[in-house]
Every structure is written in structure tokens, then in C-alpha cells.
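Structure, as C-alpha cells:
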Amino acid sequence: MNQPNLHKFPKSFPNQLLTENSNSNKLIADSNHNSDPNKWSGSRPDGHAPIGVMGDHAHKKGEFMFSYRYMFMNMDGNRDGTNSLSDREVLQDFMVTPVDMTMQMHMLGGMYGVSDNLTLMAMLPYVSKEMEHLTRMGGRFTTNSEGFGDIKTTALYTIFNQDKQRVHLNLGASFPTGSINEKDDTPAGEDQILPYPMQIGSGTFDLLPGITYLGQSGKGSWGAQALTTLRLGKNDRGYRLGNKYQLSGWVARNWTDWLSTSLRLIGTTWGDIDGADDRLNPMMIPTADPDLRNGTQINLGFGINLYAPEGNLQGSRLAMEFELPILRDLDVPQLETDWQFTLGLQSSF
């Protein structure tokens, strides 16, 4: 009896099938990892901006990212415009002068991709400040303040994403959850209200509009960001902090699939305080004078990004950035910022 005529396959068919399936799976995996090779990729060491940049990147729909940042800022000495001032020069006009100040901030952040074009972000800071003072009589004292700062939320909306370039709008708001009633003991008495720089929050609802541009090539990336802080109304103590404007630009270079370095230029300018807290005496110390708070500073930042391309920590990154001033132009007299350090951990899932 004749057997049905069966299709005859070449002996190499099983191997071909396995190879094709393997390649197909690889393409699917690569597609999930970076769906379009012509678009910006976050799956590389320089896929995020230097860690000191906030709201620099968006996420795909359904993707969540947790972040933690530790920031330390050191201020030492006073400045009149671009020139340094001695403590004695400040004490000719005030009874007390600030000598130095440190600020530490722990920032918890979360980001969620509502869609491929819209990412929501929230940040909660915990701030600790310490300021050392010198009196005209030669005495020294230190004040401290700490607590949760103003909560910030931002929507990142992508308006351009092709040719390995991306542009998104930063549409943010800040809520007055930080204290503006911080007190400490001073030579004037116990539980004295602290000057403006030692308060934790702004006391006002603030708008945080901005725009971010990103570009990428095979071995490196670049970007720029403009952010503003616009104060709305006055707080419960009858004042509002000055508006702030910041422009930042950076370049980064990948050295391996897990390491990149970056160089960033940051320019910031801010205005005087509008109004005044009537509990403060502006004749006593310059930090209590609302008309001596404006300034401009340009910093140069050096950054390192460490990225996990595979393994249990795939997609996580550890990053750090160190900033040094190259220009400080401050209303007289005002403490000058000498350096700032940021360390951060980011993990997406």
C-alpha cells in the first residue's frame, strides 16, 4: 500500500528552526529593551543626565522608577559682588555675621510612565542646615534647623522623540510643606526665629516650568535644561522668596557598557525676597535682610554614572556629581557656595 506523500524537510531544519527562534527571541528582547534604535535610549550609562539634574528623562508606559539622592552643600565666607569680604568688613555694618553654613538633603523620588509621552514625578526632601556665626564682640554661636521640605510634583510631556533626540516639557509645582518657623537659641535669647536661609521651606505654592533637550550618539550624549521657580503670592509671614532661573548644559561619554562620565555647566540666578518676616531684625544680621538675597552663580560639575546592564540589578544605576563655582556674583554681604556634592541611586522596574 502506498504511503501518503509527505513533505520532506532538509536535515538542517531543526537547527535552522532553533536558530530562527533564538534570533526571534533576541529581537523581541531587544525590542522591549529599546523599541526603536532611532530614538533616545535610557538603557546605557549615559541614558540619564548627571545626577544633579532633576526631571531629565521620561519613562515608557507602565514603567516605575525609584530614586534616592543625598546632597551636601558647603558655604564659607561672605561676598560682595564677585569679591570676597572679611568677617570684620561685614561686622562694620551688622552686629552679627554668618561665617559658614552647611546643608544636607535627602531626596526621595518616584517616577511613573502614564503613557509613552507622559511621565509623572514626585520628590520629597528632608533638609538639615547648620550655620556658624561671629558677633561684633568676638563671640561665636551655631544654629541648626531640619525637617521635611517642600514637596514637588512634575509632569514630563514629550513633544519630540526621533533621530536619537528628545524634547520634553517640565510642568511642575511645589507645595508649602516645609517649615518657615524654624527657631533656635541665640545670644538674643532662647527659641529665636531663624533668618531666611535657615528656614526649610518657602511657605508658598510655586510653579516650576521648564524644558529639557536630550541628544545621543553611539559613544556619548548631550543635553540642556531650562528650569524656573515662580513664587505665587506671599506666605503666612508676609513674604515670598525671589524667583529662580536655572540653565544647565552637559556632555557625557560612555567608556564601557556600565560606566560613563560627564561635564556640566550650570548657571543660576535668583532675586531678592518680596516682603519681610516682622519677627526678624534686618539691622542685626545680613541673612535677616530681605533686600540682600539676590545673586548669580555659575558652576562646573563633574559626574560619574555607573549602570547595571544585566543581572539582578539590571537597569539600576549609581551616580555622583561634584560641583565647583567658576563665577559668584552676590548682593552684599552674602554667604558664598564653595562646593556641592550629589550622590544618587536610581532603579527602574
Under Karplus coefficients 6.51, -1.76 and 1.60, residue-wise ³J(HN,Hα) of the stretch 327-338 in Hz, glycine/proline x: 8, 9, 10, 10, 5, 7, x, 8, 4, 9, 7, 9
Where a label projected 7 Å from the Cα of Lys244 along Cα→Cβ would reach, residues of the stretch 280-303 with amide N under 13 Å: 294-297
What does the charge count near Thr296 come to, summing +1 for each Lys or Arg and -1 for each Asp or Glu among other residues with Cβ under 14 Å from its Cβ? -1
Lys and Arg at +1, Asp and Glu at -1: add these up for the other residues within a Cβ distance under 9 Å of Pro333 and post the number. -3
Select from the stretch 207-255 those chymotrypsin sites (Phe, Trp or Tyr not before Pro) which occupy a DSSP coil region and have at most 14 other Cβ atoms within 10 Å, ordered by residue number. Trp255
Please report the net charge: other residues with Cβ closer than 15 Å to the Cβ of Leu108, K and R +1, D and E -1. +1
Which listed pairs, of Lys61/Lys164; Lys183/Lys234; Lys60/Lys129; Lys61/Lys129, have C-alpha distances above 28 Å, in listed order: Lys60/Lys129; Lys61/Lys129
Cα axis of helix 13-33 to longest principal axis of the chain: angle in degrees, 0 to 90, nearest 10? 20
In whole Å, how far is the Cα centre of the stretch 219-240 from that of the stretch 257-335? 12
Exposed trypsin sites (Lys or Arg not before Pro) absent - longest run of the chain, DSSP non-H/G/I/E/B, at most 10 other C-beta within 10 Å: 12-349
Amide hydrogen neighbours beyond the local backbone of Asp116, cut-off 5 Å, H modeled: Lys61
Contour minus Cα-Cα distance for Lys219 and Ser43 (0.36 nm per residue): 62.1 nm
What helix-only [θ] at 222 nm does the chain give? Using -39500 (n - 2.57) per DSSP H run of at least 4, over all residues, to the nearest 500, the answer is -2500 deg cm²/dmol
Output wanted: per-residue J couplings in Hz (rounded whole) for the stretch 108-125, from phi through Karplus 6.51 cos²θ - 1.76 cosθ + 1.60, θ = phi - 60°, x for Gly and Pro. 9, x, x, 9, 9, x, 5, 8, 5, 10, 10, 10, 9, 9, 9, 9, 10, x
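Coordinate-derived values only; no laboratory data. These numbers come from a predicted model, not from an experiment. Every residue, glycine as well, gets a Cβ built from its backbone with ideal geometry; the counts of neighbours run over all protein chains shown.
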